[in-house]
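Please read the structure below before turning to the comments.
Readers should treat all values here as calculations from the given coordinates under stated rules, not as data from a laboratory. A quick note: this is a predicted structure, and the numbers were derived from the prediction, not measured. Cβ coordinates were reconstructed from backbone atoms using ideal geometry, including for glycine residues, and neighbour counts include every protein chain displayed.
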Amino acid sequence: MFANRRGTFDQGGSSFKGDVPGGDKDVAFRLPGDVEKDGVFVFEAPIDLMSFCTLHRDVTANAVALCGLYEGGLDTYLRENPHIRYIFLCLDADEHGREAAERLREKYARQGRTVSYKPPPRGKDWNEYLQRRQKCRDRGR
């Protein structure tokens with residue numbers, strides 16, 4: 001099992017973030033696999049996966065958050081769900097997300113999978129996109 005902790009108080013200029021000792025990033029944060037669906041949505045952070053699911057209520061399975069850009073969690077998910085042929089990289093729309101998307105696209109394409117990069121339409125990540133979208137809706141009331 002993997003766990004991460006994050007501080008909520010920013011006294012010294014940056015909040016605390018860190019992995020819980022003994023956690024296994026190869027498990028990652030994920031939704032269960034569904035053999036009826038042959039694609040998986042991949043995110044950098046659990047909050048982005050949950051934000052995406054809020055926006056796309058039909059996504060209830062086949063999603064994994066890497067808890068960073070380490071692909072061990074995706075490798076484990078694919079081993080446990082060998083029916084998956086399509087990978088949708090819903091990584092952040094920043095330099096690191098784009099670079100990781102290209103690296104992962106090459107890696108998994110060599111395994112015979114179809115891989116595409118699906119960043120949020122606006123904003124840095126799916127959580128930011130959800131927040132901005134909500135603010136726009138709130139202003140329209």
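Ranking of Val42, Val35, Val64 by neighbouring Cβ atoms within 10 Å, starting from the fewest: Val35, Val64, Val42.
Please label the shape of region 24-139 as rounded, prolate or oblate, based on the square roots a ≥ b ≥ c of the eigenvalues of the alpha-carbon gyration tensor (a/c under 1.5 means rounded; beyond that, a/b larger than b/c means prolate, else oblate). It is prolate, given that a/c is not under 1.5 and a/b is the larger ratio.
Placing one equal scatterer on every Cα of region 39-79 and applying the Debye formula, the log10 ratio I(q)/I(0) at q = 0.16, 0.29, 0.30, 0.32 Å⁻¹ is -0.36, -1.00, -1.04, -1.12. Put in line by how crowded their Cβ is, counting other Cβ atoms within 10 Å and starting with the fewest, Ile87, Ile47 read Ile47, Ile87.
Dipole size of region 85-141 about its Cα centre, with +1 on Lys/Arg Cβ and -1 on Asp/Glu Cβ: approximately 360 debye, rounded to the nearest 20.
Summing Cβ point charges (Lys, Arg +1; Asp, Glu -1) relative to the Cα centre of region 24-139 gives a dipole of roughly 460 debye. Counting other Cβ atoms within 10 Å as a rough exposure proxy, the listed residues Cys136, Cys90 run Cys136, Cys90 from fewest neighbours to most.
In region 24-139, taking the dipole from charged Cβ atoms about the Cα centre, the farthest positive-side position among Gly68, Cys136, Pro120 is held by Cys136.
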